[in-house]
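**Student:** Have a look at this one.
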Amino acid sequence: MAADRMLALLPTAAILVDSDDGVRMANGAAVSMGIVKGQRLVVSELGELTRAARRTGESQTAEFAIDQGGFPRRVLTVGARAQPLDDGEVALVVDDLTESKRVDAVRRDFVANVGHEIKTPVGALTLLAEAALDAQDDPDAVHHFLSRMQREASRLSRLVQELLDLSRLQGGETPPADADVSVDAVIDEAVDRGRLVAEVKQIEIVRGGDTGCVVVGSENQLVTAVSNLLDNAVAYSPERTEVAVGVHHRGDMVEIAVKDQGVGIDAADHERIFERFYRVDPARSRDTGGTGLGLAIVKHIVSNHRGQITVWSQPGAGSTFTLRLPASPASSAGAGTDGVARTGASPA
Ligand code: ADP
């Protein structure tokens, strides 16, 4: 029957219950949600909802959790509606709300986090402005407070900029331009941007691997991604260490690896560091001017480019972040002249 075939296509579970609570008809979604087995409803809440609809003659709704067991344990949140029909029959529709609930929770957390992140520098600016006003007769103190205000203001502006970047990337408003992008040019630009901060810490940025690799996408976004990885490599490394950027053309992928000799990251944090605002050590991240958004931005850029990002890291042994991007047919990788090029400050 056409109606049955249509019901089978729906993501919503649709069930027809007879006057003895037997299941007369159930679509595929009802079976895969695990609420119907054979001719029976196996979730007690649904039985109660059905009987309430029959008793009152009115449609009934409820929201509840269904424990599907398994490992890892899977619990669905569902919204159900029971509509009484003729002769004691009841139509049940059940929607899986798990994903939309999860997205709601993430959104609520995100708004709370943004509020908190903005409150901190704004609070600091207020206090520093008061301190500067109180110290009007002491030019040195005024200078000190003003320069701290400048730091807080630039942190705030970076945070706002990164939030805007992230929302643009997530909204998919700007799919990466469909152009061939030279990986050499991306790395040139990213290294250039990171050079100043690296020089201050006497960190040398070393380049190596293949040259001439080409990927498809947006040069701007890819520079941002590599630049964020380089900024982190420098920020979480001690002075006078080395940061290496290596490019390798493997099969139909181009790999860009950023390797440091820094503090490293515990395995338990490897997945979480890509979440927005997650920091292993919030105090340290704030010292480095970090916003906690850098890797979330990298992750979005990479997925917009149909690529992957992976991390290898051990506390005390440094970290390697590797981007894998599909190579353009125009890519013609070859080893660099000497395989290694050096930029940045030479160790004193
Ligand atoms: P942040 O702005 O705090 O650096 P990121 O999203 O860029 O935010 O990184 C998230 C967290 O991951 C950092 O706070 C830091 O704890 C950790 N992290 C990122 N890159 C490195 C690295 N190269 N070495 C050690 N820890 C890192």
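The values are calculated or read from the model by the stated rules, or taken from the named source; none is laboratory data. What you see is a predicted model; the values in this text were computed from it and never measured. So basically every Cβ, Gly included, is an ideal-geometry build from the backbone, and we count neighbours across all protein chains shown.
**Student:** Do we have Gln136 as in a strand (DSSP E or B), on the phi < 0 side of the Ramachandran plot, surrounded by fewer than 16 Cβ atoms within 10 Å (Cβ to Cβ) and not aromatic (Phe, Trp, Tyr) here? Outline the logic, then answer.
**Tutor:** Details: in a strand (DSSP E or B): no; on the phi < 0 side of the Ramachandran plot: yes; surrounded by fewer than 16 Cβ atoms within 10 Å (Cβ to Cβ): yes; not aromatic (Phe, Trp, Tyr): yes.
Criteria not met by Gln136.
**Student:** Would it be correct to say that Ile297 is surrounded by 19 or more Cβ atoms within 10 Å (Cβ to Cβ), near the ligand (Cβ under 10 Å from one of its atoms) and under 14 Å from the mean Cα position of the chain (by Cα)?
**Tutor:** Criteria met by Ile297.
**Student:** Condition first: more than 8 Å from the ligand (Cβ to nearest atom) and within 22 Å of Thr224 (Cα to Cα). Now tell me which residues in the range 262-274 satisfy that. Write out each step before concluding.
**Tutor:** Residues of the range 262-274 that are more than 8 Å from the ligand (Cβ to nearest atom), as a first pass: 266-268, 270-272.
Answer for the range 262-274, where residues must be more than 8 Å from the ligand (Cβ to nearest atom) and within 22 Å of Thr224 (Cα to Cα): His270, Glu271, Arg272.
**Student:** Run Glu117 past the list (1) surrounded by 15 or more Cβ atoms within 10 Å (Cβ to Cβ); (2) at pLDDT 90 or above and report the number of the one that doesn't hold.
**Tutor:** (2)
**Student:** Checking Thr98 against (1) within 32 Å of the chain's Cα centre (by Cα); (2) loosely packed, with under 15 Cβ neighbours inside 10 Å, which test does it fail?
**Tutor:** Result: Thr98 passes all but (2).
**Student:** I've got another one for you. Out of all the residues in the range 279-294, which are among the small types (Gly, Ala, Ser), in a loop (DSSP other than H, G, I, E, B) and surrounded by fewer than 18 Cβ atoms within 10 Å (Cβ to Cβ)? Break it down into steps so the answer makes sense when it comes.
**Tutor:** To start, the set of residues in the range 279-294 that are among the small types (Gly, Ala, Ser) comprises 283, 285, 289-290, 292, 294.
Within this subset, residues satisfying the condition of being in a loop (DSSP other than H, G, I, E, B) are 289-290, 292.
Answer for the range 279-294, where residues must be among the small types (Gly, Ala, Ser), in a loop (DSSP other than H, G, I, E, B) and surrounded by fewer than 18 Cβ atoms within 10 Å (Cβ to Cβ): just Gly289.
**Student:** On to the next question. Considering only residues that are within 7 Å of the ligand (Cβ to nearest atom) and among the hydrophobic types (A, V, I, L, M, F, W, C), which ones fall in the range 300-325? Explain how you work it out, then say what you get.
**Tutor:** Looking only at the range 300-325, we keep the residues that are within 7 Å of the ligand (Cβ to nearest atom), and these are 313, 319, 321.
Across the range 300-325, the qualifying residue is only Phe321.
**Student:** Let me ask something additional. Looking at Leu229, Leu146, Leu163, Leu159, can you tell me which residue is crowded, with 19+ Cβ neighbours inside 10 Å and more than 20 Å from Phe321 (Cα to Cα)?
**Tutor:** On the way: Leu229 fails: more than 20 Å from Phe321 (Cα to Cα); Leu146 fails: crowded, with 19+ Cβ neighbours inside 10 Å; Leu163 fails: crowded, with 19+ Cβ neighbours inside 10 Å.
Being crowded, with 19+ Cβ neighbours inside 10 Å and more than 20 Å from Phe321 (Cα to Cα) holds for just one of Leu229, Leu146, Leu163, Leu159, which is Leu159.
**Student:** So which residues in the range 275-292 are within 6 Å of the ligand (Cβ to nearest atom) and aliphatic (A, V, I, L, M), if there are any at all?
**Tutor:** Within the range 275-292, Val280 is the sole residue that qualifies.
**Student:** A follow-up question, please. Given (1) away from the ligand (no atom under 16 Å from the Cβ); (2) at pLDDT 95 or above, where does Glu204 come up short, assuming only one miss?
**Tutor:** (1)
**Student:** Additional query: Just one of the numbered conditions (1) of a type in the set (D, E, K, R); (2) crowded, with 19+ Cβ neighbours inside 10 Å; (3) under 20 Å from Gln308 (Cβ atoms); (4) touching a helix residue (DSSP H, G or I) at 6+ places or on another chain (Cβ under 8 Å) is not true of Arg207; which one?
**Tutor:** (3)
**Student:** Right, here's the next one. Scan the strands (runs of 3 or more DSSP E) fully inside the range 6-116 and keep the ones with 1 or more residues being of a type in the set (S, T, N, Q). Give the steps one after another, and end with the answer.
**Tutor:** Details: elements: 13-17, 23-26, 60-67, 75-84, 90-96.
Those strands (runs of 3 or more DSSP E) span 60-67, 75-84.
**Student:** Would you mind finding the one in Gly246, Gly208, Gly290, Gly212 that is of a type outside the set (Ser, Thr, Tyr), farther than 29 Å from Asp180 by Cα and in contact (Cβ under 8 Å) with a residue 12 or more places away in the chain?
**Tutor:** Numbers: Gly246 fails: farther than 29 Å from Asp180 by Cα; Gly208 fails: farther than 29 Å from Asp180 by Cα; Gly212 fails: farther than 29 Å from Asp180 by Cα.
Selected residue: Gly290, the only one of Gly246, Gly208, Gly290, Gly212 that is of a type outside the set (Ser, Thr, Tyr), farther than 29 Å from Asp180 by Cα and in contact (Cβ under 8 Å) with a residue 12 or more places away in the chain.
**Student:** State yes or no: is Ser237 under 18 Å from Lys299 (Cβ atoms) and of a type in the set (S, T, N, Q)? Please lay out each step first, then the result.
**Tutor:** On the way: under 18 Å from Lys299 (Cβ atoms): no; of a type in the set (S, T, N, Q): yes.
Answer is no for this residue.
**Student:** Of (1) of a type outside the set (Ser, Thr, Tyr); (2) touching a residue at least 40 places away in the same chain (Cβ under 8 Å); (3) over 22 Å from Leu10 (Cα atoms); (4) surrounded by 12 or more Cβ atoms within 10 Å (Cβ to Cβ), Leu76 satisfies all except one. Which?
**Tutor:** Only one criterion is unmet by Leu76, namely (3).
**Student:** Then there is this: Looking at Gly47, Gly38, Gly34, which is the one that is farther than 19 Å from Pro84 by Cβ, surrounded by 13 or more Cβ atoms within 10 Å (Cβ to Cβ) and not polar (S, T, N, Q)? Steps first, answer last, please.
**Tutor:** Details: Gly47 fails: farther than 19 Å from Pro84 by Cβ; Gly38 fails: surrounded by 13 or more Cβ atoms within 10 Å (Cβ to Cβ).
It is Gly34.
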